[in-house]
Structure formats: C-alpha cells, structure tokens
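These notes are about the structure you will find just below.
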Amino acid sequence: MSGILIALGTMTVIAVIGWILGTTKVLGPSAQLVLAKLVFTVATPSLLLTTIAETDLGLLFTSSALTTVLATLMVAGGAGVIFRFVLHRSTGEATVGALSSSYLNAGNLGLPLAVYVLGTAVPVVPVLLVQLLVLAPVAFAVLDTRPAGSASRRQLILRPLTNPVTIAAGLGIVLAVLPWSPPEFVLEPFRLVGAAAAPLALITLGLSLVGSKKGSGAAERPVATRAPLPDLIVVTVIRAVVHPLLTFGIAAALSLSPGETLAVVLMASLPTAQNVLVYALQYGQGQAIARDAQLVTTVLSLPVMIVVVALMH
C-alpha cells in the first residue's frame, strides 16, 4: 500500500501549497483563474498530445479495455441523467457532475498506483484514452454549445472544434497512427510543459479552498461555496461504490482473468481528477461540486482501494 500512500500524500502536499499561496495572496487575486486557464489551454493539451501520440491504440481493442470503456460510459451517462432530471441541475452543472462522477485521476494517481500495485502502467492507458478521446470532447461540446448571447449556429457548431484539449487529442491520434514518430526535439517541449499539468491543477485546487472577501469581483473570486449535499452524495456513492461494482460485473461477464479483473476494478476505484475543477472554472459551471468531489473522493479512495486489493489480490 506504500505506493497508494505516496501518491495520495504527494497530491495533498501540492494542494496544501496552493492553499498557502492563496491564503498569503502571493500570486494575487486572480491567480486561480489564471492558473486554470494555463492548465486548460497549454499544459493539459501538451500532456494529452504526447500521451496519445506515444500510446499503442491497439490497447483499446482488448476485453480489459472494453470493460473500462463500458463502465466509464455507463457511469458518465447515468450520472448525467441523475443530475439533469432527478436533481434538476442545469445542462452545464449536470455535465460537470457527470465528469466529477466518471473522470478519474488516472494520470497523477493511476499511473503510480498501477506501477506500484500491479507492476505495469498498461491498465491506465484505456482509462486515459476514454477520458481524453470521449468524455472530455463530449463534455466540451455540450459546455461550448450552451446558449451564448448572439452566437450564430455556425459559431456554436465550430466552437468545440477550436477547444485546445480537443485539438490536442485529435493531433495525438494522428501522430499515433502515423507509421513514423516525430523527432524528439519536436515532442520534448510538449512533454516538459505537459509535466506541469498535474501539479498546476493541484495548486489550483488549493487556491480554490481559500474564501473570498465580500465585494471582490466575480471573475476574481475563488470557489468559496460548498456543493449541494445531494450532488456530493451522488458523486461519492458513484465513485466509491457504483463504478467499482459495475466494473467488476462487466469484467465477470466478459470472463476476465483474476489479474485483469483486479486491474480494471482498481482503476475504477480512483478518485475524481483535478482537471475536472479546471474545466469547471474554465466554463464557469459546477465549480463547487468539481472541487468538493475531488476532495471527498480522494480521501475515500484509499480505504476503497485497500478493500479492493485485499479482496481480489
């Protein structure tokens, strides 16, 4: 379990650094939004581009990958329906709620977890790809096409295609299927910038925990309000119980081996990714649930993963 503890401890320390920076106001009143935009428009696209470009897309065509994809899409779709039609949230809030329920911390926590516990990072690849190639583009398409003043139909249709994350994912796919690899000097700058995505997103999370003074501009306020309790309960139950159990059921139906089943269920037990908060801040939708979901599910993920490993290892 040392790998899990190290990964979670590292994330906590970086988030605390963000909180300290916010409390001392070293970075100024707009630091949270500036860092969120930097992560969204530069660091995350760089990470996605290099990750997808260097990935064997054939890993998507295995029973383990199919299990991950089916479980993730079912969780995202089910959560979206609950948020929109049961809790009666807006389309934007329901979209962020669905992401909070299904978009996993595969990069920052999943990679070290897989290496330490499973001895290989391969189980993380399908999780990353379904998030980067399906969940994120679909969510951005919904968030980008919400009614926006006098925007024309053509602008609403084209807006998702100009999203930096979507563009990076598309370029990554193109590079992955090419019969040759780009020179190292081309990809290395993107690797370097992409490496900053996770720590910057965690610092942004820490900044979001700092309350704001009355009278401050809306554009400069951190996320100070708490998420509605029903929303947080839905996300927490889905992350800690529903997603792992659903994944186990699909794995059993597809006759995965015990080792493969452990790998996919462990990945399904990961907490909400910090990037969900970055996306929520970028679009001004569901910031509170994105932040609180990451905090609560990260705390709960340790006992959940310990139980999974103890029962299935």
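The values are calculated or read from the model by the stated rules, or taken from the named source; none is laboratory data. Predicted, not measured: the structure shown is a model, and the values here were computed from it. So basically every Cβ, Gly included, is an ideal-geometry build from the backbone, and we count neighbours across all protein chains shown.
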Checklist entry - When region 79-119 is examined, which residues are found to be without any contact (Cβ under 8 Å) to a residue 40 or more places away in the chain and of a type in the set (D, E, K, R)? => result Arg84
Next on the checklist: Contact list please: Cβ distance under 8 Å, first residue in region 220-237 and surrounded by 13 or more Cβ atoms within 10 Å (Cβ to Cβ), second residue aromatic (Phe, Trp, Tyr) and at pLDDT 95 or above, pairs at least six apart or on different chains.
Outcome noted: Asp231/Phe83; Val234/Phe83
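Restricting to region 289-313, what's the tally of residues that are over 15 Å from the mean Cα position of the chain (by Cα) and in contact (Cβ under 8 Å) with a residue 40 or more places away in the chain?
9
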Checklist entry - Applying the selection to region 243-260, what residues are part of a helix (DSSP H, G or I) and buried (at least 19 other Cβ atoms within 10 Å of the Cβ)? => result His243, Pro244, Leu246, Thr247, Phe248, Ile250, Ala251
Item to check | Hey, Leu143 within 29 Å of Asp231 (Cβ to Cβ), under 12 Å from the mean Cα position of the chain (by Cα) and surrounded by 23 or more Cβ atoms within 10 Å (Cβ to Cβ) or not | outcome: no
Next on the checklist: Of everything in region 23-78, what is more than 22 Å from Ala121 (Cα to Cα), touching a residue at least 40 places away in the same chain (Cβ under 8 Å) and among the polar types (S, T, N, Q)? Give them in sequence order.
Outcome noted: Thr23, Ser30, Gln32, Thr41
Next on the checklist: Can you list the helices (runs of 4 or more DSSP H) lying wholly within region 40-105 that have 1 or more residues being at pLDDT 90 or above, in contact with a Ser or Thr (Cβ under 7 Å, 6 or more places away or on another chain) and crowded, with 20+ Cβ neighbours inside 10 Å?
Outcome noted: 63-81, 91-102
Next on the checklist: Please verify whether Leu202 is at pLDDT 80 or above and under 23 Å from Tyr279 (Cβ atoms), treating the condition exactly as stated.
Outcome noted: yes
